[in-house]
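The values are calculated or read from the model by the stated rules, or taken from the named source; none is laboratory data. All values reported here derive from a predicted model rather than from experimental measurement. Positions of Cβ are backbone-derived with ideal geometry, glycine not excepted, and every protein chain shown enters the neighbour counts. The area values use the complete protein model at the heavy-atom level, side chains included, leaving out ligands, DNA and RNA. Shrake-Rupley method; radii C 1.70, N 1.55, O 1.52, S 1.80 Å.
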Amino acid sequence: MDQAPRPADSPAANLRGDADLEHSAGAFAERRRRLRERLGPGAAALVASLPERVRNGDAHYRFRQHSDVYYLTGFEEPQAVALLLPASPDPGGGVEAAQPRFVLFVRPADPELERWDGPRLGVDGARAALGADEAFPIGELRERLSSLLANSTELHYAVGLDPQLDATVMEAVAKLRKTERRGQRPPRAIVDPLAAMHELRLVKDAAEVATLRRAAAITAEAHVAAMRAGRPGAHEYELEALVDYTFRSRGGAGPGYNTIVGAGANATVLHYIDNRARLREGDLVLIDAGCELDHYTADVTRTFPASGRFTPAQRAVYDVVLAAQRSAIELVAPGVTIDQLHQHCVRRLTEGMIQLGLLRGDVEERVADGSYRDFFMHGTSHWLGLDVHDAGAYTIGGTARPLAPGMVITVEPGLYIADAERYPAELRGIGVRIEDDVLVTERGHENLTAACPKDPDELENLCRR
Ligand code: GLY
Ligand code: MN
Ligand code: MN
């Protein structure tokens, strides 16, 4: 895709490197080819951007393309619909079957509006720059969709995300039902994108891995900057701003999800995003932040002592989490399942909970009765890519899916001890999570975020005040 040129000496240049080159038009065309292969000969796929959202009054959130649309087209504008259409299965009358087509609906060029909102690729641009066989103004979708979908055996489409588009698709299907006798049949099934599209997204291609690697490098840098600045007296939002600044100044779009900066007991609130408190002497600070670069996001958590020293109790909790996290990462290899990684962490963390005096009795019993969930209540891993909780099935036919080369997962055990009297005083209000992004390789794994420090002695050195 054409993008504004970036000055070679901007800070963004160092880490972006040749990512643009790698994410070339060829990479998107190859994904469409591979999706067609998965869809089979008669099926069509429709992916669409989601509507732009109002934030308040007449102010909108900044638009970010739907991940499926970006994955297949590289197109970043709103009001986009992309269709992959099969070769017409039986044109009849000895006519050659038509070739499969890639059709785009886009915002048409509009010099007046473009003066206000910036340039649009337009219909001609969509053909030229995005390789569409045909392109139409988005306003023509409703009248054209039924004939475009006619005689596709099935339609891969994510129902339920955009009610207006759902209605347009249903209307197209209903129209085709009426024309069936004249040989224009509706698709026989609407299929969730999980079945084909999201299978592709699960295994990253070379351009995706290159982009994730850069997002990971920027993210590591941002965490280190926050560790250096995270002294008592600073506000959580100052650290958030520093993380954000690092992401943006290195060429990233910003955070790929809301940044969590939790000091003290705020670290035990899993989705804490207020980030308004002041760091106090003796606090641990948990930061969960990932840079989004060219639509791909990292997802990293680090926990460090604001004063530069762990208390013995904090260090004991930290060591339990780190040992579980490191040993879980070591297990990552083709054939292993996310469920196995989770069971491994549950066992290691539960042993730790007993050693710390949070639980009593036997490890097996505490695992079996689920009491560990008072302190570790989330999963260990999720897919990572265009979305922080990326697309792809976690089970196949009801059983856990084995990892395969090219998949990227997080490994993120944690221990969260509520600030409550029922727990030993020195452990109350301690929250620790350690999260890395791990690529599954042919032989095992590569930790993409290994550059982000997590060794406790190294953290104390970095945070020395
Ligand atoms: N930051 C979201 C997560 O860790 O899953
Ligand atoms: Mn995560
Ligand atoms: Mn995270």
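One table, with the values for the structure above:
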| read-out | value |
| --- | --- |
| Extended-chain gain in nm, criterion 0.36 nm per residue less alpha-carbon gap, His271 and Ser147 | 40.0 nm |
| In Hz, Karplus ³J(HN,Hα) per residue of segment 280-289 (6.51, -1.76, 1.60; θ = phi - 60°; x = Gly, Pro) | 10, 3, x, 6, 8, 10, 9, 10, 10, 8 |
| log10 of Debye I(q)/I(0), alpha-carbon scatterers only, for segment 118-183 at 0.14, 0.23, 0.24 Å⁻¹ | -0.54, -1.08, -1.11 |
| The chain - share of DSSP beta bridges that are antiparallel (%, nearest 5) | 80 |
| Helical mean residue ellipticity (222 nm; -39500 (n - 2.57) per DSSP H run of 4+; nearest 500) of the chain | -11000 deg cm²/dmol |
| Rel. contact order, % - alpha carbon contacts under 8 angstrom, at least six apart, segment 308-465 | 30 |
| Gyration tensor (alpha-carbon) shape descriptor, segment 251-335, a/c threshold 1.5 | oblate |
| Potential extension, Thr441-Leu161 segment - 0.36 nm per residue separation minus Cα distance | 97.4 nm |
| Axial C-alpha extent at least 18 Å, average Kyte-Doolittle at least 0.0 - helices from the chain (DSSP) | 206-229, 312-331 |
| Hydrodynamic radius by Kirkwood, which averages 1/r over all alpha carbon pairs of segment 340-430, in angstrom | 14.9 |
| Around Tyr237: net Lys/Arg minus Asp/Glu count, Cβ-Cβ under 12 Å | -3 |
| Qualifying lysines (Cα of each under 22 Å from Cα of Lys454; at least 8 residues distant if same chain) | none |
| Radius of gyration and Dmax over the Cα atoms of the chain, both given in Å | 25.0, 84 |
| Sequence-distant residues sharing a close amide H with Ala418 (under 5 Å, placed H) | Gly429 |
| Cut-off of 10 Å, at most 13 other beta carbons, DSSP loop: longest stretch of the chain lacking such GluC sites (Glu not before Pro) | 97-280 |
| Accessible area in square angstrom per residue, the chain, 1.4 angstrom probe | 45 |
| Under 12 Å from Lys204, Cα to Cα: aspartates and glutamates that are on another chain or at least 8 residues apart | Asp390 |
| Fraction of beta bridges assigned by DSSP in segment 62-212 that are antiparallel (%, nearest 5) | 40 |
| Heavy atoms of Thr395: accessible area, 1.4 Å probe, square angstrom to 10 | 80 |
| Nonlocal amide H pairs with Gly254, under 5 Å, H built at 1.01 Å | Glu292 |
| Local net charge near Val169, Cβ-Cβ under 14 Å (Lys/Arg +1, Asp/Glu -1) | -2 |
| Relative contact order, percent, the chain [alpha-carbon distance under 8 Å, six or more residues apart] | 14 |
| Solvent-accessible area, 1.4 Å probe, carbon plus sulfur percent, for the chain | 51 |
